[in-house]
Amino acid sequence: MWKNTFNFAQKLGKSLMLPVSILPAAGILLGVGGGLLAAASQGVITIDSEVIRSILQIMQDSGSPIFGVLPLIFAIGVALGFTKNDGVSAMAAVIGYVVLLGAMGAVATIFEMDTRTVIGLETIDTGVFGGIIMGGVAALMFNRFYKIQLPPYLGFFGGKRFVPIATAFAAIFIGSALSFIWQPIQVGIQAFSNFVVEGNPSLALFLYMFANRLLLPFGLHHILNVPIFFEVGQFVTASGEVVRGEIPRFFAGDPTAGNLGGGFLFMLFGLPGAALAIWQSAKPENKARIGGIMVTAALTSFLTGITEPLEFAFLFVAPVLYFFHAIMAGVAMSLMYILGAKLGLTFSFGFIDFVLLYPLNTKPWLVLLIGPFFFLLYYVVFRAGIKWFNLKTPGREEADTVDTVEAQAGTAHEFARQLVLAFGGRSNITHLDACITRLRIGVVDAGKINQNKLKAMGAAGVVMVGNGAQAIFGPRSENLKTEMDEYLSIAGSEAELSEAEVTDVQYTPTETTAKLRDPEAADKAHNFIKGLGGSVNISKVEAAAETRLRVVVADENVIDDAALTAAGVHAIMRLPNQVLHLLVGLNADQYAAEMKGQLATA
């Protein structure tokens, strides 16, 4: 049940990103056009040319309608997200949403309910939620009926042509029911809006961003963003249009909107400070490599507000630092609100949005004033935390765990093939998708996913829940997904794991039966036992930290270091109480299982 719910939530979160990704288009038009016109009206700049004024006015007026049709855009985005981008589902979503509005308008007229004008129709305004609902219904109808066979005399309407028809009829019933159900839902949304806008905004903003960061590893933060971005608060324009949501209200000129400006503090300054700390904490031999990675990740966060490549660099290896980051993200939100800053955004809290919307913002200079303190705070806390707790942030891992995977020169689709193999081969992949920063893969057997290989190929992290996997490759994830799709469409047997490649697959640490990933595992285990002084000298053996054997011996003096090195041990770490760590590589669990078997029969 939980796995299915999580997979559904992942798909929903991904599908919501397509509508959100359209906002920068509106933001650029409104930011450049409206921003410069606003600056001119305030006397900050002078625009004498009527031609330039006309162009700016056209840009401003061209961007505004995008916010007016957001529910329709969300309907299309959700439908595409659940149907592998099939265009018929998008058409069904449009038809379904229009029919939904018509049905609700008719019911509202009959029962004398309040209505508003939505894309030219008098109806009950359900905001973006109405679009999301109908997008989901259109996807459901598509997945259920796209192969339907009708009687021969109705054959023309069979298959995909039946989907928009089914969606339209479903929309009538849903619209009729929603006319009555929406009233209490609207009351709840309004109560939440009042809490955020009027009740205790600073606390609400803290909780929002704190939860946002905690949901980010699972890719579910987009679901939380939608009501805040597009439903919270209400503003009536001079023309009488009702506008909802932090982003639309800001661009409509609502002086109470723009309460999310705290995001600029930790994306422009805080996280780059963390990146510098991670870089400087790396081992000397790794600093050049880690420096390139951290500079790229910090610039991505700074310029675009895309933070996953940087956050996943420390999320799994230093969760205490990620928790600190989540708290500070919430604090940044509350702080900027308390200080009276009102800053808009189109997509995220990057420098591009900050510059584009600067003329429309209130007290944007606070970001430049407070930001350096956030940079310093993140740097000090991360530097100290990494040192005190000996956290294995990038560049501080054991030498044998750092590796790279390169595509074979001159071989088309080789990188895509390696990705497919890292996810367990073609037969292990049930569905393939991507959002802005991560590959989202459904698999048959999660145990076949090679997380270390994915990280070696450039993934900042891998999130596993049930049979769903997310590999964070940053902004190139969508292109990688496309390359994998293209490769799978032409791939043959080479897209499946071979016996040799199975040696890299990650198995659960509780497994005690050797998986024969290394054909020489039995001989190596025998030599390990011999080098450790024989079976009588070994009290306990187990796999530890993915690449090590943890061994407890009776007498350290009989251990033959040279024999262990010859057998394949990369390094030997001696700890108190006759405990040794043997660095043996990624097959540690296999060697441990083999050694246990040999010790049991000794």
Write out, first by first residue and then by second, each pair whose Cβ atoms fall under 8 Å of each other, whose residues are 6+ apart or on separate chains, and whose first residue, in the stretch 24-45, is touching a residue at least 60 places away in the same chain (Cβ under 8 Å) while the second is surrounded by fewer than 18 Cβ atoms within 10 Å (Cβ to Cβ) and not in a helix (DSSP H, G or I). LEU36/ILE45; LEU36/ILE47; ALA39/ILE45
Could you please give the count of residues in the stretch 234-289 that are in contact with a helix residue (DSSP H, G or I) (Cβ under 7 Å, 6 or more places away or on another chain) and hydroxyl-bearing (Ser, Thr, Tyr)? 2
Looking at (1) crowded, with 22+ Cβ neighbours inside 10 Å; (2) within 29 Å of PRO227 (Cβ to Cβ), which one does ILE181 not meet, given that it meets all the others? (1)
Which condition number does VAL380 fail, the rest of (1) among the aliphatic types (A, V, I, L, M); (2) at pLDDT 90 or above; (3) surrounded by 24 or more Cβ atoms within 10 Å (Cβ to Cβ); (4) over 23 Å from TYR208 (Cα atoms) being met? (3)
From the residues in the stretch 557-602 that are free of Cβ contacts under 8 Å to residues at least 24 places away in the same chain and farther than 16 Å from GLY531 by Cβ, which one is surrounded by the fewest Cβ atoms within 10 Å (Cβ to Cβ)? PRO576
So which residues in the stretch 452-476 are within 16 Å of the chain's Cα centre (by Cα), in contact (Cβ under 8 Å) with a residue 60 or more places away in the chain and assigned to a helix (DSSP H, G or I), if there are any at all? GLY474, PRO475
Across the stretch 140-156, what is the total count of residues that are aromatic (Phe, Trp, Tyr) and surrounded by 13 or more Cβ atoms within 10 Å (Cβ to Cβ)? 3
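Going residue by residue through the stretch 290-297, is there one that turns out to be surrounded by fewer than 24 Cβ atoms within 10 Å (Cβ to Cβ) and in contact with a Phe, Trp or Tyr (Cβ under 6 Å, 6 or more places away or on another chain)?
The first filter runs over the stretch 290-297 and keeps only residues surrounded by fewer than 24 Cβ atoms within 10 Å (Cβ to Cβ), leaving 290-293, 295-296.
Going one step further and asking which of them are in contact with a Phe, Trp or Tyr (Cβ under 6 Å, 6 or more places away or on another chain), we end up with 290-291.
Among the residues of the stretch 290-297, at least one is surrounded by fewer than 24 Cβ atoms within 10 Å (Cβ to Cβ) and in contact with a Phe, Trp or Tyr (Cβ under 6 Å, 6 or more places away or on another chain), which makes the answer yes.
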Pick from the stretch 351-365 the residues that are closer than 15 Å to LEU265 by Cβ and surrounded by fewer than 20 Cβ atoms within 10 Å (Cβ to Cβ): which of them is modelled with the lowest pLDDT? PHE351
Meets criteria (of a type in the set (Phe, Trp, Tyr), assigned to a helix (DSSP H, G or I), under 29 Å from PRO364 (Cβ atoms) and at pLDDT below 95) for PHE324: no
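Yes/no per residue for (1) surrounded by 19 or more Cβ atoms within 10 Å (Cβ to Cβ); (2) among the small types (Gly, Ala, Ser); (3) within 30 Å of ALA39 (Cβ to Cβ):
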{"position": "LEU80", "(1), (2), (3)": "yes, no, no"}
{"position": "ALA106", "(1), (2), (3)": "no, yes, no"}
{"position": "GLU112", "(1), (2), (3)": "no, no, no"}
{"position": "ILE124", "(1), (2), (3)": "yes, no, no"}
{"position": "ALA138", "(1), (2), (3)": "yes, yes, no"}
Restricting attention to helices (runs of 4 or more DSSP H) lying wholly within the stretch 152-268, give those where 1 or more residues are aromatic (Phe, Trp, Tyr) and free of Cβ contacts under 8 Å to residues at least 12 places away in the same chain. 162-194
Restricting the search to the stretch 285-310, which residues are aliphatic (A, V, I, L, M) and in a helix (DSSP H, G or I)? ALA288, ILE290, ILE293, MET294, VAL295, ALA297, ALA298, LEU299, LEU303, LEU310
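Any idea which residue in the stretch 358-378 is farthest from GLY258 (Cα to Cα), counting only those that are β-branched (Val, Ile, Thr) and in a helix (DSSP H, G or I)?
The extreme case among them is ILE370.
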Could you go through the stretch 125-148 and let me know if any residue there is assigned to a helix (DSSP H, G or I), in contact (Cβ under 8 Å) with a residue 12 or more places away in the chain and at positive phi. yes
Give PHE251, PHE266 a once-over and let me know the one that is crowded, with 24+ Cβ neighbours inside 10 Å and either under 21 Å from the mean Cα position of the chain (by Cα) or within 17 Å of GLY395 (Cα to Cα) (or both). PHE266
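The values are calculated or read from the model by the stated rules, or taken from the named source; none is laboratory data. The model shown is predicted, which means the values in this text are computed figures rather than measured ones. Cβ sites come from the backbone with ideal geometry, for glycine too, and all protein chains shown count toward neighbours.
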